[in-house]
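**Q** This is the structure I have questions about; it appears just below.
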Amino acid sequence: MSGGVKLEDFGGPPQRSAATTEPQETPDAGYEDGYRAGWDDAVAAAEQDQSRVTEDLAKSLADISFGYTEARSHVLNCLAPVLSAMAEKLLPEAAHAHFAETVLAAAEQIAARATDHPVELAVAPDARVALEAVMPETLPFAIDIVEDPHLGPGQARMRAADMEKVLDIAEAETAIRSAVSDFLTLQSKEVQHG
């Protein structure tokens, strides 16, 4: 009976058997794996939320942009007849009604630059009476009004020393009408083409 029972010795250092050569998982490794998985899930959820918010914002901005364009188009369509009527009727009447005051203001500007020279003011024969009616009795500069049959209603030419200025109400009216028409045409093209 030489084969006795072999008992394990608990007093010395543990001995490893061949079956336990695999590395054992530490409790920290499970925690790290769980933490990493939770972090990855949180990042994915945040990216998904960010993507949803971005899409919602883009949709809202598109809706606002469309609403602004639609509202602007509606306002301009409503204002177009008013702007056209002002350029065609109101502006010419106001310009002709205040022609004399405009001419005097321009003559004062020329006189301020040419202090020692009288201002020669040439107007159409029909405009002279209206101009003299609004002129004050005394002016701070010398002015000589002459009639020029080549000038039409709403036109005046001022000279003093080496300066000359021409006022043409009809030309200004045409430029303003053209600008209003071009503006309205451009706006309607923008609405049509987005």
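The values are calculated or read from the model by the stated rules, or taken from the named source; none is laboratory data. Treat the numbers as computed from the prediction; the structure is a model and nothing was measured. Neighbour counts are summed over all protein chains in view; Cβ atoms, including those assigned to glycine, are modelled from backbone coordinates with ideal geometry.
Table: residues versus (1) within 27 Å of S178 (Cβ to Cβ); (2) within 30 Å of the chain's Cα centre (by Cα); (3) surrounded by 12 or more Cβ atoms within 10 Å (Cβ to Cβ).
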position	(1), (2), (3)
E70	no, yes, no
S84	yes, yes, yes
H150	yes, no, no
V166	yes, no, yes
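**Q** With (1) at pLDDT 75 or above; (2) surrounded by 10 or more Cβ atoms within 10 Å (Cβ to Cβ) as the list, and K6 as the residue in question, which single condition is left unmet?
**A** Unmet for K6, out of (1) at pLDDT 75 or above; (2) surrounded by 10 or more Cβ atoms within 10 Å (Cβ to Cβ): (2).
**Q** Which condition number in (1) surrounded by fewer than 17 Cβ atoms within 10 Å (Cβ to Cβ); (2) touching a Phe, Trp or Tyr at 6+ places or on another chain (Cβ under 9 Å); (3) among the hydrophobic types (A, V, I, L, M, F, W, C) is the one that A172 fails?
**A** Tallying (1) surrounded by fewer than 17 Cβ atoms within 10 Å (Cβ to Cβ); (2) touching a Phe, Trp or Tyr at 6+ places or on another chain (Cβ under 9 Å); (3) among the hydrophobic types (A, V, I, L, M, F, W, C), A172 fails exactly one: (2).
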